[in-house]
Amino acid sequence: MPEGPRYFPEDMPTDRDERFFIAELIREQVMLRTHEEVPYAVAVEIETLQERRDGGMEIDAAILVEKASQRASWSVSTAA
């Protein structure tokens with residue numbers, strides 16, 4: 001295919017923001033950790049995203065599923 005026109009500046013690799021990629025990483029971990037317990041229709045909504053003084057990130061995210069029976073009361077905390 002011939003190279004087409006640029007739609008974004010050269011230093012802009014994507015039109016997606018940081019929250020999108022963080023949500024996708026969390027969604028991936030939900031799939032890996034729950035296997036068949038949760039359908040692939042799960043969505044992640046980033047509620048808060050704050051940078052910590054130590055350089056890490058503090059992220060609060062909601063994991064959304066289709067049915068109440070697919071919900072679990074759990075929290076994951078990792079040092080990032």
Please state which of the following conditions VAL30 fails to meet, knowing it meets all the rest: (1) over 16 Å from the mean Cα position of the chain (by Cα); (2) surrounded by 12 or more Cβ atoms within 10 Å (Cβ to Cβ). (1)
The one condition VAL65 fails out of (1) over 16 Å from the mean Cα position of the chain (by Cα); (2) at pLDDT below 85 is (1)
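The values are calculated or read from the model by the stated rules, or taken from the named source; none is laboratory data. Because the structure is predicted, anything quoted here is derived from the model rather than measured. Cβ coordinates were reconstructed from backbone atoms using ideal geometry, including for glycine residues, and neighbour counts include every protein chain displayed.
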